[in-house]
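Asker: Below: one structure in structure tokens.
Every number in this text was worked out from the coordinates using simple rules, so none of it is lab data. Predicted model only: the values in this text are computed from it and were never measured. Neighbour counts run over all protein chains shown; Cβ positions are idealised from the backbone, glycine included.
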Amino acid sequence: MFKRICSNAAIAVLLCHSIQAAAADSGNADNAFNPAFSLILSGSYGNLQRDPAIPATGFAMNPNPGHEQGFNLGESEMGISANIDPQFRGAATLALDPAGGVSVENAFVQTTSLGDGLNLKFGRYFSGLGYLNEQHAHAWDFTDQPLVYAVLWENQLAEDGVQLKWLAPTEMFFEIGGEVGKGRGFPGTERAKNGSGAGVIFAHIGDDIGIEQSWRAGASLHRTRRVDAESTDVPDLGGNAVTNLFSGDSQTVGLDLVWKYAPNGNIKDRYLKVQTEYFRRKESGELTYDTALASVTDSYSVTQSGWYVQGVYQFMPRWRSGLRYDRLDPGVARIGAANAGNVIADYAYNPTRTTWMLDYSASEFSRFRLQLAHDNSRQGLADNQLFVQYIMSLGAHGAHTY
Amino acid sequence: MKKILFSLSLLLMSGNVAALNIFACEPEWAALTQQLAGGKADIYTATAALQDPHRIEARPSLIAKARRADLVVCTGAELEMAWLPVVLRESGNSKVQPGGDGYFEAASAVRMLEVPTRLDRGDGDVHTQGNPHIQTDARNFLPVAAALAQRLMQLDPSNKAEYQQRLAAFEQQWRAALTRWEQQAAPLKGVAVVVQHRGFPYLSNWLGLQEVATLEPKPGLEPSAGWLSQVQDTLRQHPAKMVLRAAYQDGRPSEWIAQRAHIAAVELPYTVGGSDGARDLFGLFDDTIARLLKGVQ
């Protein structure tokens with residue numbers, strides 16, 4: 001059959017010859033798909049009692065990735081990766097938006113031969129801050145990110161820049177890294193300027209405890225600047241929804257800890273994974289209140305923070321269940337005198353959410369998930385949310401990080 | 001800064017007196033390297049006998065160990081594809097990257113079985129280069145040992161004579177053991193068996209076992225109740241003597257079929273450390289054959 005198709009036209013013969021040749025020496029795993037090509041298909045059904053566009057109380061000037069209601073095709077994630085030459089490896093992840101259009105989620109080059117524990121990465125990559133930030137959506141343990149990631153990182157910080165990591169030659173895992181980048185996503189602002197728009201430093205330590213337990217702890221610091229960042233529908237002291245403009249410095253510290261346990265260290269049968277992360281961001285600068293009418297500018301600074309803790313338990317092969325608790329603190333803003341009567345300084349409310357999930361994986365490549373959440377992130381608007389989700393992986397399936 | 005560098009260099013010097021730092025993916029290769037290198041190598045074993053080698057996480061501890069390795073000794077043939085690529089990439093160690101001198105795949109030294117003629121995930125977790133569980137045929141250790149000794153000599157030429165001597169001694173002992181094992185295993189020839197995972201083609205090929213059914217419907221998929229009853233039907237037509245599983249596998253599917261089909265459920269050590277008897281490579285096969293002979297009774 002193959003041969004017959006191939007003999008149809010001269011061009012086809014040439015083309016098929018090279019395909020056959022490639023197939024013949026596909027001795028090595030990576031060569032079987034060179035480059036390695038993968039596609040993630042995902043979709044969900046969401047049932048919400050409240051409008052997902054309403055932001056968490058006290059976070060109207062932060063992003064609100066929200067949720068989709070009803071039947072919804074998720075982003076199809078296309079991944080291509082391969083060694084470029086003996087020095088470099090390249091990887092790209094393209095997200096196909098169900099509404100049309102393609103966005104570049106990741107597109108980076110990393111070195112493979114610097115040695116001495118050094119790894120250099122450049123292009124667009126998920127920042128190394130925190131624990132969850134580097135994980136792709138298909139590897140998340142819940143259908144959504146923790147609240148603290150949603151409001152402080154717009155789910156995930158992907159940066160255009162350069163990352164350098166160094167792993168110490170010690171018995172225990174100890175790694176430090178730094179990034180400089182454009183600052184293109186929230187909390188930065190994409191600006192046309194020379195130099196760097198954002199910087200990150202991070203450190204990780206980790207080890208095993210016997211054969212059954214392992215852990216990793218990390219700390220990170222992120223700095224950037226927001227310029228003329230417009231926020232709409234921000235509540236004010238008069239009970240109106242106004243549009244504000246903020247410019248100022250942003251500094252975020254983060255702490256993360258992951259601990260995993262598996263009987264005999266065999267994750268195939270049963271395992272438990274517990275993780276927690278904390279982020280605290282200080283923003284200080286100038287706020288212009290109500291750009292449409294009053295337009296009053298004065299100083300503004302606020303420290304927002306949030307954390308989550310979650311546990312996922314694989315209680316038998318193929319079946320996992322997880323529980324997560326989220327909490328945010330909008331902080332008390334220090335507002336210049338000119339805006340003291342306009343801008344809300346203290347919301348006196350801590351958004352929280354409790355989420356439970358159950359998922360089933362027929363194989364390593366397919367997963368179905370049911371998720372229920374009781375969301376108290378919006379004061380006086382408690383929301384019970386239900387999600388059903390599928391995640392399927394085709395083609396080359398790269399190894400996952402810890 | 002100087003102080004930190006100084007203490008780091010102290011740490012480096014004090015940490016390791018052996019010539020070669022070796023990262024072995026599985027216990028059988030750690031044991032083989034021990035045979036061939038003796039005190040010339042400091043060996044770290046990345047996985048244990050009760051862990052499924054397909055399903056290991058790229059833990060921080062593994063990355064730290066790979067960072068310091070001079071040589072990585074693994075099965076290859078995609079057995080470690082779910083974790084080793086990340087471990088090696090994150091290690092920042094240019095010596096042990098695939099294709100380099102510090103990266104050794106045992107599978108490249110042996111003849112592979114069950115090389116798929118078509119690649120389709122519908123067939124389950126199939127490895128493109130063939131079945132990677134090569135360590136269940138004792139004969140495979142001879143070509144792997146020769147290739148591994150060659151690599152050790154290449155990386156540490158100053159101890160070449162010792163590696164050569166150790167290889168010769170190992171080959172002699174191993175050949176003698178092979179003769180003994182093959183004699184002991186003579187009653188196993190042609191015996192029909194069921195396997196839980198397709199992890200024993202090399203063992204069956206070596207000892208002449210006949211695999212009549214597999215408890216996993218497809219490689220890597222957990223046996224379902226429906227499939228197990230199908231296997232039971234198969235066993236009525238083609239009776240088997242025993243059902244084999246590796247020490248790291250869940251015993252329930254084997255026990256289920258063993259009870260219903262009235263055959264023996266045999267747990268094999270599968271690698272060094274998989275049973276009390278499998279303390280080293282010789283013990284691994286002594287115990288494997290003893291367990292098989294007991295199962296066939």
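Asker: What pairs in B:Lys65/B:Lys160; B:Lys189/B:Lys294; A:Lys165/B:Lys65; A:Lys121/A:Lys165; A:Lys260/B:Lys95; A:Lys268/B:Lys218 have C-alpha atoms more than 19 Å from each other?
Answerer: B:Lys65/B:Lys160; A:Lys260/B:Lys95
Asker: Sticking with this structure for a sec: Where does helix A:10-24 land angle-wise versus the long Cα axis of chain A, in degrees 0 to 90, nearest 10?
Answerer: The helix A:10-24 is inclined about 90 degrees to chain A.
Asker: Also, I was wondering about something else. Determine, for A:Leu293, A:Leu152, B:Leu244, the number of other Cβ atoms within 10 Å of each Cβ, and report the residues in order from fewest to most.
Answerer: A:Leu293, A:Leu152, B:Leu244
Asker: What list of ³J(HN,Hα) values in whole Hz, one per residue of the stretch A:230-235 in order, does the Karplus curve 6.51 cos²θ - 1.76 cosθ + 1.60 (θ = phi - 60°) give from phi, with Gly and Pro shown as x?
Answerer: After applying 6.51 cos²θ - 1.76 cosθ + 1.60, I find 8, 10, 9, 6, 8, x Hz.
Asker: I've got another one for you. Go through the stretch A:255-261 residue by residue and turn each phi into a ³J(HN,Hα) via Karplus (6.51, -1.76, 1.60, θ = phi - 60°); whole Hz please, and just put x for glycine and proline.
Answerer: Couplings: 10, 9, 8, 10, 9, 10, 9 Hz.
Asker: Please rank A:Leu358, B:Leu152, fewest neighbouring Cβ atoms within 10 Å first, as an exposure proxy.
Answerer: A:Leu358, B:Leu152
Asker: A follow-up question, please. Taking chain A as a Gaussian network, where each spring joins two C-alpha atoms under 10 Å apart, which residue of A:Glu283, A:Glu171, A:Glu154 fluctuates the most?
Answerer: Its mean-square fluctuation being the largest, the pick is A:Glu171.
Asker: Right, another one. Quote the charge dipole size of the protein assembly as shown about the Cα centre in Debye, to the nearest 20; the model charges only the Cβ of Lys and Arg (+1) and of Asp and Glu (-1).
Answerer: That gives the protein assembly as shown a dipole magnitude of about 1280 debye.
Asker: So which aspartates and glutamates can A:Lys282 reach, going by Cα to Cα under 14 Å and dropping same-chain residues fewer than 8 places off?
Answerer: Partners within reach: A:Asp249, A:Asp329.
Asker: Quote the relative contact order of the stretch B:187-296 in percent (integer), defining contacts as alpha-carbon pairs under 8 Å separated by 6+ residues.
Answerer: About 23 percent, as a whole number.
Asker: Right, something else. At 222 nm, what value in deg cm²/dmol follows for chain A if DSSP H runs of at least 4 each add -39500 (n - 2.57) and the sum is divided by all its residues, to the nearest 500?
Answerer: The helix contribution divided over chain A gives -2000 deg cm²/dmol.
Asker: Report the Cα centroid-to-centroid distance between the stretch A:304-333 and the stretch A:229-268 in angstrom, as an integer.
Answerer: Centre-to-centre (Cα) distance: 14 Å.
Asker: Sequence-distant or interchain residues sharing an amide H contact under 5 Å with A:Asp329, placed H: which?
Answerer: Correct list: A:Ser305, A:Gly306.
Asker: Enumerate the amide H contacts of A:Tyr271 below 5 Å, restricted to partners 5 or more residues apart or on another chain; note that Pro and chain-start residues carry no placed amide H.
Answerer: Close amide H contacts, sequence-distant or interchain: A:Gln314.
Asker: Would you mind telling me which residue in B:Thr128, B:Thr179, B:Thr271 has the biggest mean-square fluctuation in a Gaussian network model of chain B, where springs connect alpha carbons within a distance under 10 angstrom?
Answerer: Maximum among the listed residues: B:Thr179.
Asker: So what is the relative contact order of chain A, in percent, for Cα pairs below 8 Å that sit 6 or more residues apart?
Answerer: Normalised by residue count, the contact order of chain A is 14 percent.
Asker: Who wins for biggest fluctuation among A:His136, A:His204, A:His222 in a Gaussian network model of chain A, springs between alpha carbons below 10 Å?
Answerer: Fluctuation is largest for A:His136.
Asker: Using the Kirkwood radius over C-alpha pairs as Rh, can you work out the diffusion coefficient of the stretch A:270-402 via Stokes-Einstein at 20 °C, viscosity 1.002 mPa s, in µm² per second?
Answerer: 117
Asker: How large is the Kirkwood hydrodynamic radius of the stretch B:14-177, in angstrom, based on all distinct alpha carbon pairs?
Answerer: Final number for the Kirkwood radius of the stretch B:14-177 is 16.4 Å.
Asker: Going by how many other Cβ atoms sit within 10 Å of their own, how do B:Phe285, A:Phe108 line up, fewest first?
Answerer: Least crowded to most crowded, the residues run A:Phe108, B:Phe285.
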